[in-house]
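The values are calculated or read from the model by the stated rules, or taken from the named source; none is laboratory data. Just so it is clear, the model here is predicted, and its values are computed rather than measured. Positions of Cβ are generated from backbone atoms using ideal geometry, with glycine treated the same way; all protein chains shown enter the neighbour counts.
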Amino acid sequence: MERELKFLLDHARIPALPNGYRTAEAQPILHLLDEYLDYRGQILAAGWRLRRRRSDSDTLRYTLKSERSDGTSGPLSERIEIERAPERNEELPPEIVATLAEAGVDVAQVLDRLQPYLTLRQERQPAALSNSDGEIALLSVDEVRAGAPIPEGECRWTELEIEFLATVSLEARDRAASELTAWFATQPGVTVGGESKVDHAARLLSISL
(Lines give C-alpha, C1' and ligand atoms only; values in the text may rest on other atoms or scores of the structure.)
Protein backbone atom coordinates (compact mmCIF):
# COMPACT_ATOMS: atom_id res chain seq x y z
CA MET A 1 0.00 0.00 0.00
CA GLU A 2 1.32 3.45 -0.95
CA ARG A 3 0.51 6.30 1.45
CA GLU A 4 1.78 9.76 0.59
CA LEU A 5 1.29 13.51 0.87
CA LYS A 6 1.61 15.77 -2.17
CA PHE A 7 2.17 19.51 -2.40
CA LEU A 8 2.96 21.77 -5.38
CA LEU A 9 6.00 24.06 -5.16
CA ASP A 10 6.98 27.23 -6.97
CA HIS A 11 10.65 26.43 -6.31
CA ALA A 12 12.92 23.36 -6.50
CA ARG A 13 14.18 23.03 -2.92
CA ILE A 14 13.07 21.34 0.27
CA PRO A 15 10.88 23.89 2.09
CA ALA A 16 11.14 24.76 5.77
CA LEU A 17 9.66 22.11 8.07
CA PRO A 18 7.62 22.51 11.27
CA ASN A 19 9.25 22.15 14.66
CA GLY A 20 9.96 18.52 15.49
CA TYR A 21 10.53 17.48 11.87
CA ARG A 22 13.90 17.16 10.20
CA THR A 23 15.45 15.69 7.07
CA ALA A 24 18.64 13.75 6.74
CA GLU A 25 21.23 14.97 4.29
CA ALA A 26 19.71 14.97 0.82
CA GLN A 27 20.60 11.97 -1.34
CA PRO A 28 22.00 12.40 -4.88
CA ILE A 29 19.49 13.59 -7.47
CA LEU A 30 17.78 10.76 -9.32
CA HIS A 31 16.82 10.95 -12.99
CA LEU A 32 13.63 8.98 -13.66
CA LEU A 33 11.92 8.08 -16.91
CA ASP A 34 8.35 6.89 -16.36
CA GLU A 35 6.13 5.58 -19.15
CA TYR A 36 2.47 4.89 -18.42
CA LEU A 37 1.26 2.04 -20.60
CA ASP A 38 -2.10 0.85 -21.85
CA TYR A 39 -3.95 -0.46 -24.89
CA ARG A 40 -7.23 1.22 -25.83
CA GLY A 41 -7.70 2.31 -22.22
CA GLN A 42 -8.43 -1.18 -20.94
CA ILE A 43 -6.07 -1.00 -17.94
CA LEU A 44 -7.41 2.43 -16.96
CA ALA A 45 -10.98 1.20 -17.32
CA ALA A 46 -10.20 -1.62 -14.88
CA GLY A 47 -9.11 0.96 -12.27
CA TRP A 48 -5.33 0.57 -12.59
CA ARG A 49 -2.33 2.50 -13.94
CA LEU A 50 0.69 0.59 -15.24
CA ARG A 51 4.07 2.32 -15.10
CA ARG A 52 7.41 1.30 -16.58
CA ARG A 53 10.30 3.08 -14.84
CA ARG A 54 13.93 3.46 -15.79
CA SER A 55 16.37 5.35 -13.58
CA ASP A 56 20.07 6.04 -13.37
CA SER A 57 20.36 4.08 -10.11
CA ASP A 58 18.17 1.03 -10.52
CA THR A 59 17.01 -1.73 -12.84
CA LEU A 60 13.90 -1.53 -14.99
CA ARG A 61 10.78 -1.75 -12.82
CA TYR A 62 7.07 -2.08 -13.45
CA THR A 63 4.55 -0.59 -11.03
CA LEU A 64 0.81 -1.19 -10.94
CA LYS A 65 -1.19 1.37 -8.97
CA SER A 66 -4.87 1.48 -8.14
CA GLU A 67 -6.95 4.63 -8.19
CA ARG A 68 -6.91 6.78 -5.07
CA SER A 69 -8.73 5.22 -2.12
CA ASP A 70 -12.09 6.76 -1.19
CA GLY A 71 -10.89 6.90 2.42
CA THR A 72 -8.29 9.62 1.80
CA SER A 73 -8.68 13.27 0.88
CA GLY A 74 -6.76 16.52 0.52
CA PRO A 75 -3.01 16.06 0.05
CA LEU A 76 -3.05 12.56 1.58
CA SER A 77 -3.64 9.68 -0.82
CA GLU A 78 -3.60 5.93 -0.41
CA ARG A 79 -3.29 3.45 -3.25
CA ILE A 80 -2.63 -0.23 -3.73
CA GLU A 81 0.82 -0.54 -5.26
CA ILE A 82 2.59 -3.56 -6.76
CA GLU A 83 6.16 -2.84 -7.84
CA ARG A 84 8.42 -5.50 -9.31
CA ALA A 85 11.47 -5.85 -11.52
CA PRO A 86 10.90 -8.43 -14.27
CA GLU A 87 13.02 -11.56 -14.22
CA ARG A 88 15.13 -12.54 -17.19
CA ASN A 89 12.98 -13.32 -20.26
CA GLU A 90 9.83 -11.88 -18.61
CA GLU A 91 7.80 -9.22 -20.35
CA LEU A 92 5.91 -8.31 -17.17
CA PRO A 93 6.20 -9.62 -13.60
CA PRO A 94 3.64 -12.45 -13.05
CA GLU A 95 2.01 -10.76 -10.03
CA ILE A 96 1.14 -7.72 -12.14
CA VAL A 97 -0.23 -9.89 -14.95
CA ALA A 98 -2.34 -11.89 -12.48
CA THR A 99 -3.73 -8.73 -10.85
CA LEU A 100 -4.76 -7.28 -14.21
CA ALA A 101 -6.39 -10.56 -15.23
CA GLU A 102 -8.37 -10.64 -11.96
CA ALA A 103 -9.52 -7.08 -12.67
CA GLY A 104 -11.00 -8.23 -15.98
CA VAL A 105 -8.28 -7.06 -18.38
CA ASP A 106 -7.88 -9.29 -21.45
CA VAL A 107 -4.15 -9.74 -20.80
CA ALA A 108 -3.62 -12.01 -23.81
CA GLN A 109 -4.71 -9.16 -26.07
CA VAL A 110 -3.59 -6.10 -24.12
CA LEU A 111 -0.11 -6.90 -22.85
CA ASP A 112 1.34 -7.56 -26.30
CA ARG A 113 0.05 -4.20 -27.54
CA LEU A 114 1.04 -1.82 -24.75
CA GLN A 115 1.86 1.73 -25.79
CA PRO A 116 2.79 4.77 -23.67
CA TYR A 117 0.02 7.34 -23.35
CA LEU A 118 2.01 9.57 -20.98
CA THR A 119 5.75 10.00 -20.31
CA LEU A 120 7.20 11.70 -17.24
CA ARG A 121 10.83 12.76 -16.91
CA GLN A 122 11.77 13.65 -13.36
CA GLU A 123 14.70 15.04 -11.44
CA ARG A 124 14.14 13.84 -7.88
CA GLN A 125 15.95 15.06 -4.78
CA PRO A 126 15.13 12.59 -1.97
CA ALA A 127 15.81 12.79 1.77
CA ALA A 128 14.69 10.76 4.77
CA LEU A 129 12.13 12.57 6.98
CA SER A 130 12.01 12.03 10.74
CA ASN A 131 10.13 13.29 13.80
CA SER A 132 9.77 12.12 17.41
CA ASP A 133 8.58 8.72 16.13
CA GLY A 134 11.88 8.25 14.25
CA GLU A 135 12.21 7.98 10.48
CA ILE A 136 8.69 8.13 9.08
CA ALA A 137 8.87 8.90 5.36
CA LEU A 138 10.90 9.56 2.26
CA LEU A 139 10.56 13.20 1.28
CA SER A 140 11.39 14.23 -2.26
CA VAL A 141 11.31 17.33 -4.40
CA ASP A 142 10.40 16.31 -7.94
CA GLU A 143 10.91 18.52 -10.98
CA VAL A 144 8.54 16.96 -13.50
CA ARG A 145 8.31 17.25 -17.28
CA ALA A 146 5.31 15.44 -18.73
CA GLY A 147 4.60 14.72 -22.37
CA ALA A 148 1.88 12.93 -24.31
CA PRO A 149 1.65 11.74 -27.92
CA ILE A 150 -2.13 12.33 -28.25
CA PRO A 151 -2.84 15.19 -28.00
CA GLU A 152 0.80 16.16 -28.44
CA GLY A 153 1.99 18.46 -25.71
CA GLU A 154 4.24 19.02 -22.73
CA CYS A 155 3.91 20.56 -19.27
CA ARG A 156 6.19 21.10 -16.28
CA TRP A 157 5.76 21.49 -12.53
CA THR A 158 7.56 20.91 -9.24
CA GLU A 159 6.08 18.99 -6.36
CA LEU A 160 6.90 17.90 -2.85
CA GLU A 161 6.10 14.25 -2.18
CA ILE A 162 6.19 12.66 1.28
CA GLU A 163 5.80 8.88 1.07
CA PHE A 164 5.28 7.23 4.45
CA LEU A 165 7.24 4.10 5.25
CA ALA A 166 5.25 0.86 5.44
CA THR A 167 6.55 0.35 8.99
CA VAL A 168 4.88 3.55 10.29
CA SER A 169 1.64 2.99 12.21
CA LEU A 170 -1.57 4.54 10.88
CA GLU A 171 -1.84 6.62 14.06
CA ALA A 172 1.66 8.07 13.60
CA ARG A 173 1.03 8.61 9.89
CA ASP A 174 -2.27 10.41 10.44
CA ARG A 175 -0.75 12.63 13.12
CA ALA A 176 2.19 13.54 10.89
CA ALA A 177 -0.07 14.08 7.87
CA SER A 178 -2.24 16.48 9.85
CA GLU A 179 0.70 18.44 11.24
CA LEU A 180 2.53 18.68 7.92
CA THR A 181 -0.60 19.66 5.98
CA ALA A 182 -1.44 22.43 8.45
CA TRP A 183 2.14 23.71 8.27
CA PHE A 184 2.57 23.68 4.50
CA ALA A 185 -0.84 25.30 3.96
CA THR A 186 0.63 28.49 5.44
CA GLN A 187 4.04 28.42 3.76
CA PRO A 188 4.83 30.76 0.85
CA GLY A 189 5.48 28.97 -2.42
CA VAL A 190 3.68 25.80 -1.30
CA THR A 191 0.20 24.74 -2.46
CA VAL A 192 -1.74 21.80 -1.07
CA GLY A 193 -1.97 19.10 -3.74
CA GLY A 194 -3.36 15.60 -3.74
CA GLU A 195 -3.50 14.66 -7.41
CA SER A 196 -1.27 11.88 -8.64
CA LYS A 197 1.31 12.90 -11.23
CA VAL A 198 -0.74 11.08 -13.87
CA ASP A 199 -3.93 12.98 -13.00
CA HIS A 200 -2.09 16.30 -12.76
CA ALA A 201 -0.45 15.81 -16.16
CA ALA A 202 -3.69 14.60 -17.73
CA ARG A 203 -5.52 17.72 -16.54
CA LEU A 204 -2.81 20.08 -17.80
CA LEU A 205 -2.49 18.27 -21.14
CA SER A 206 -6.25 17.69 -21.60
CA ILE A 207 -5.88 13.91 -21.72
CA SER A 208 -8.98 11.85 -21.03
CA LEU A 209 -8.27 9.04 -18.55
Report the residue count in region 42-63 for those that are out of contact with any helix residue (DSSP H, G or I) (no Cβ under 8 Å at 6 or more places or on another chain), at pLDDT 95 or above and hydroxyl-bearing (S, T, Y). 1
If you check every pair at least six apart or on different chains, which have Cβ atoms under 7 Å apart with a residue in region 176-197 that is in contact (Cβ under 8 Å) with a residue 24 or more places away in the chain first and a residue that is surrounded by 13 or more Cβ atoms within 10 Å (Cβ to Cβ) and assigned to a helix (DSSP H, G or I) second? V190/F184; V192/T181; V192/F184
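So in region 14-71, with the set limited to residues that are polar (S, T, N, Q) and crowded, with 17+ Cβ neighbours inside 10 Å, which one is farthest from the chain's Cα centre (by Cα)?
Going through region 14-71, the residues polar (S, T, N, Q) turn out to be 19, 23, 27, 42, 55, 57, 59, 63, 66, 69.
Then keep just the ones that are crowded, with 17+ Cβ neighbours inside 10 Å; that gives 42, 63, 66.
Values: Q42: 21, T63: 10, S66: 11 Å.
My answer is Q42.
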When residues of region 186-206 are filtered for being assigned to a strand (DSSP E or B), more than 26 Å from W48 (Cα to Cα) and either under 17 Å from the mean Cα position of the chain (by Cα) or of a type in the set (S, T, Y) (or both), how many remain? 1
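Here is a list: A148, A128. Which entry is within 19 Å of I14 (Cα to Cα), buried (at least 16 other Cβ atoms within 10 Å of the Cβ) and not acidic (D, E)?
Details: A148 fails: within 19 Å of I14 (Cα to Cα).
Result: A128 is the single residue among A148, A128 that is within 19 Å of I14 (Cα to Cα), buried (at least 16 other Cβ atoms within 10 Å of the Cβ) and not acidic (D, E).
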